[in-house]
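Comments concern the structure below.
The values are calculated or read from the model by the stated rules, or taken from the named source; none is laboratory data. Just so it is clear, the structure is predicted and the values come from calculations on it, not from any experiment. Cβ sites come from the backbone with ideal geometry, for glycine too, and all protein chains shown count toward neighbours. With ligands, DNA and RNA removed, areas are computed over all heavy atoms of the protein, side chains included. Shrake-Rupley method; radii C 1.70, N 1.55, O 1.52, S 1.80 Å.
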Amino acid sequence: MTFAGLPDKHAVLAACRGLPTMTDHPMLDAAGELAILHQTREHTPLSALEHIDRQRTHVISAIDQWVAAATPIPFPAARLSTHTMGQVIDQLAQLTVHTHIALATAPDGLFYDASLQLAEAADAYQDLANELSCGIRRLRQHTTPQ
């Protein structure tokens, strides 16, 4: 099955929030899965995080492989991204979970800060997706999540 390309930031954020999507898209499914893993991490003792982080690494790798196949070959002079797309989606999922936690339990100032950080990360994702689609940015090879 082919897909229409990289989803926009609104679709990715909705997937991270657990909202149903109108289309079946591997990146949106992966974004939702990463958000669930980050939510689970928040309630898991440090000694038990290895399994969750292995799952995250697998999902991140799957995103990177899909994006490599779904985006055009970049121009030779294309700028190198500092992160893989899987790492970017993982960060959006993590920030979405932290923003939700701040909404539920933190003072307004902390929620505002978390929301601002999430919005900036979403804008950075959108810029990266646009540049990849035009071939003016290239991605690093997959590395372990930060």
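General observations
- Taking each residue of the stretch 27-56 that is under 19 Å from A11 (Cβ atoms) and in contact (Cβ under 8 Å) with a residue 24 or more places away in the chain and looking for partners that are open to solvent by less than 20 Å² (accessible area, probe 1.4 Å) and assigned to a loop (DSSP other than H, G, I, E, B) with beta-carbon atoms closer than 8 Å, six or more apart or interchain, yields M27/P7.
- Unmet criterion (only one of (1) of a type outside the set (V, I, T); (2) surrounded by 15 or more Cβ atoms within 10 Å (Cβ to Cβ); (3) touching a Phe, Trp or Tyr at 6+ places or on another chain (Cβ under 6 Å)) for L103: (2)
- Which listed residue is without any contact (Cβ under 8 Å) to a residue 24 or more places away in the chain, within 23 Å of D123 (Cβ to Cβ) and charged (D, E, K, R), from D108, D8: D108
- Each residue in the stretch 87-100 was checked for being under 13 Å from the mean Cα position of the chain (by Cα), within 20 Å of D8 (Cβ to Cβ) and open to solvent by less than 60 Å² (accessible area, probe 1.4 Å), and 8 of them qualify.
- Checked against (1) in contact with a Pro (Cβ under 6 Å, 6 or more places away or on another chain); (2) surrounded by fewer than 18 Cβ atoms within 10 Å (Cβ to Cβ), W66 meets all criteria but (2).
- Here D113 does not qualify as at negative phi, at pLDDT 95 or above and either surrounded by fewer than 20 Cβ atoms within 10 Å (Cβ to Cβ) or outside any helix (DSSP H, G or I) (or both).
- Within the stretch 19-54, if we keep just the residues that are at pLDDT 90 or above, open to solvent by less than 60 Å² (accessible area, probe 1.4 Å) and outside any helix (DSSP H, G or I), the residue that is farthest from I101 (Cα to Cα) turns out to be H25.
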